[in-house]
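Colleague: A single structure is presented below for examination.
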Amino acid sequence: MAIQVFKAKYEINECLNEIRECLEAGWTGLGFKTVQFEEAWKKYTGLQNTHFINSSTIGLYMAIAILKNEYNWKNQDEIITTPITFISTNHAILKSDLKPVFADIDDTMCLDPKSVKSRISERTKAVMYVGIGGNMGNYKEIVNICRENGLKLIIDAAHMSGTRLDGVIPGQEADVVVYSYQAVKNLPTADSGMICFKDSRLDEIVRKYSWLGINKDTYARSSNNGAYKWKYDVDYLGDKGHGNSVMAAIGLVQLKYLDRDNSYRRQLSKWYQKELDHLKDKIKFVRMEVGCESSCHLFQILVERRDELIQELNKNDIYPGVHYITNTDYKMYSYAKGSCTYADYVSAHVLSLPMHMYLTYEDVKKICNVISCFVES
Ligand SMILES: *Cc1c(COP(=O)(O)O)cnc(C)c1O
């Protein structure tokens, strides 16, 4: 059987029961399960505000659009960001007519605080931080840099569901944290996410913004007995960003198993490290700071002749991934090409080994065996 880089595992019967409740209630839209899931995520993370959305891509976009409007950022003001990420992260900045300024990453795959500092200018308004693979990197230093320089902190937490730092879910310090529950993430639904603003006032705004700017949600209107329950006003040029009850139903079930699943991912990660330990001179692992308990969304290595190794793995019916090609290689971001040396190195050498709940120790051994033969050949 082919070994894919990702394969989502669902608690199928529980999910179906939860979805059935939506179908029987005749309510699959905003409200009902979305409210329950927001409450459950608030409790799980300890974050102040949680708003369920239909993807993290739209969440990142709304996060920046709302901050820009709130703090009167001007077009072409700058957000310092990473080139090693999925393009949603940086598209969100461009879409608001702001400028992504790329800083380099370090051996944690996350932004290098020194490089971030060196990119700060008069026009810098915020830092966009991505916990790559669930690793928090030097997050605490980034928090300090933002404080010292009066910068907003936005976290793309797409890989971070369940990551803990010094025993707690990180993100309380950030102005906004955006999670993804896309089909291959640690808490898979199909497509959805959560946007968590620190400021409750901005949470109120995003609730309107995510439904075209309408100032009352459907559920409140339909469950309210007032004579004018059909009435609403429109406050913002919003978007269709909110999530629905079917996705929330799946999320509610999967959340119950997130910590269990992540601990198995950490086990897989330990097995990989053990099986590849003898290649330490030839394969680099991702460094993790003390106190970081990663969600292990990814297990990444850095290796010479990466593309050949991928072909070799493919021949053995193993399909790894690459997270990510440096965004400055893409046309949209080519203005920054060559500005991040280590990111360029990572882009050419990084490999994500299969990481999901269906993998066994035997699979890990098989994968590592192919890698071992290749690297030593
Ligand atoms: C998956 C991902 C996103 C986008 O998430 P969606 O929910 O699919 O929009 C954004 N950033 C990173 C780093 C991701 O991995």
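Colleague: Considering each of K117, K95, K7 in turn, give the residue that is more than 16 Å from the ligand (Cβ to nearest atom) and either buried (at least 22 other Cβ atoms within 10 Å of the Cβ) or of a type outside the set (A, V, I, L, M) (or both).
Modeller: Checking each option against the conditions leaves just K117.
Colleague: Going by the conditions given, is I154 open to solvent by less than 10 Å² (accessible area, probe 1.4 Å), within 16 Å of the ligand (Cβ to nearest atom), within 18 Å of Y61 (Cα to Cα) and not aromatic (F, W, Y)?
Modeller: So I154 passes the test.
Colleague: Right, M62: of a type in the set (A, V, I, L, M), touching a helix residue (DSSP H, G or I) at 6+ places or on another chain (Cβ under 8 Å) and more than 11 Å from the ligand (Cβ to nearest atom) or not?
Modeller: yes
Colleague: Can you run down the residue pairs with Cβ atoms below 9 Å, 6 or more apart or on separate chains, where the first is in the stretch 176-189 and within 15 Å of M128 (Cβ to Cβ) and the partner is acidic (D, E) and more than 10 Å from the ligand (Cβ to nearest atom)?
Modeller: V176/D199
Colleague: Would you mind stating whether T81 is open to solvent by less than 30 Å² (accessible area, probe 1.4 Å) and under 27 Å from S352 (Cβ atoms)?
Modeller: For T81, the condition - open to solvent by less than 30 Å² (accessible area, probe 1.4 Å) and under 27 Å from S352 (Cβ atoms) - is met.
Colleague: Kindly provide the set of residues from the stretch 18-55 that are without any contact (Cβ under 8 Å) to a residue 40 or more places away in the chain, under 26 Å from R260 (Cβ atoms) and not acidic (D, E), ordered by number.
Modeller: Scanning the stretch 18-55 gives R20, K42, K43.
Colleague: Another question about this same structure. Would you point out the residue of the stretch 283-320, among those that are within 30 Å of G167 (Cα to Cα) and of a type in the set (F, W, Y), that is surrounded by the most Cβ atoms within 10 Å (Cβ to Cβ)?
Modeller: The residue in question is F299.
Colleague: Based on what the data block shows, is L67 open to solvent by less than 20 Å² (accessible area, probe 1.4 Å) and either within 16 Å of the ligand (Cβ to nearest atom) or within 22 Å of L202 (Cα to Cα) (or both)?
Modeller: Against the criterion (open to solvent by less than 20 Å² (accessible area, probe 1.4 Å) and either within 16 Å of the ligand (Cβ to nearest atom) or within 22 Å of L202 (Cα to Cα) (or both)), L67 qualifies.
Colleague: In the stretch 202-230, what residues are closer than 20 Å to I58 by Cβ, part of a helix (DSSP H, G or I) and modelled with pLDDT under 85?
Modeller: The answer is T218, Y219.
Colleague: Among the residues of the stretch 181-201, which ones are within 10 Å of the ligand (Cβ to nearest atom) and either under 10 Å from G238 (Cβ atoms) or in a loop (DSSP other than H, G, I, E, B) (or both)?
Modeller: Correct list: Y181, A183, V184, K185, T189, D191, S192.
Colleague: Looking only at residues that are part of a helix (DSSP H, G or I) and small (G, A, S) in the stretch 10-56, which one is surrounded by the most Cβ atoms within 10 Å (Cβ to Cβ)?
Modeller: The qualifying residue surrounded by the most Cβ atoms within 10 Å (Cβ to Cβ) is S56.
Colleague: Do you know which residues across the stretch 266-304 are more than 16 Å from the ligand (Cβ to nearest atom), within 12 Å of H349 (Cβ to Cβ) and in contact with a His (Cβ under 9 Å, 6 or more places away or on another chain)?
Modeller: Within the stretch 266-304, K284, I301, L302, V303, E304 qualify.
Colleague: Residues in the stretch 161-180 that are within 15 Å of the ligand (Cβ to nearest atom) and open to solvent by 10 Å² or more (accessible area, probe 1.4 Å): how many?
Modeller: Qualifying residue count for the region: 0.
Colleague: Additional query: Check the stretch 272-280 and report whether any residue there is at pLDDT below 95 and open to solvent by 20 Å² or more (accessible area, probe 1.4 Å).
Modeller: Yes, the stretch 272-280 contains at least one residue that is at pLDDT below 95 and open to solvent by 20 Å² or more (accessible area, probe 1.4 Å).
Yes/no matrix, rows are residues, columns are (1) within 21 Å of V286 (Cβ to Cβ); (2) more than 16 Å from the ligand (Cβ to nearest atom); (3) β-branched (V, I, T); (4) in a helix (DSSP H, G or I):
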| position | (1), (2), (3), (4) |
| --- | --- |
| W73 | no, yes, no, no |
| I84 | yes, no, yes, no |
| T89 | yes, no, yes, yes |
| Y129 | yes, no, no, no |
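Colleague: Within the set of pairs 6+ apart or on separate chains, which have a first residue in the stretch 235-250 that is on the phi > 0 side of the Ramachandran plot, a second that is assigned to a loop (DSSP other than H, G, I, E, B), and C-beta atoms under 6 Å apart?
Modeller: As it stands, the answer is none, since no pair meets every condition given.
Colleague: If you go through the stretch 134-144, how many residues are open to solvent by 10 Å² or more (accessible area, probe 1.4 Å) and of a type outside the set (S, T, N, Q)?
Modeller: Residues meeting the conditions: 3.
Colleague: Counting only residues that are polar (S, T, N, Q) and without any contact (Cβ under 8 Å) to a residue 24 or more places away in the chain, give me the helices (runs of 4 or more DSSP H) lying completely in the stretch 251-354 with at least 1 of them.
Modeller: 258-276, 306-315
The values are calculated or read from the model by the stated rules, or taken from the named source; none is laboratory data. Just so we're clear, the structure is a prediction, and the values are computed from it rather than from any experiment. Neighbour counts are summed over all protein chains in view; Cβ atoms, including those assigned to glycine, are modelled from backbone coordinates with ideal geometry. Heads up: the accessible areas ignore ligands, DNA and RNA and are worked out on the full protein's heavy atoms, side chains in. Shrake-Rupley method; radii C 1.70, N 1.55, O 1.52, S 1.80 Å.
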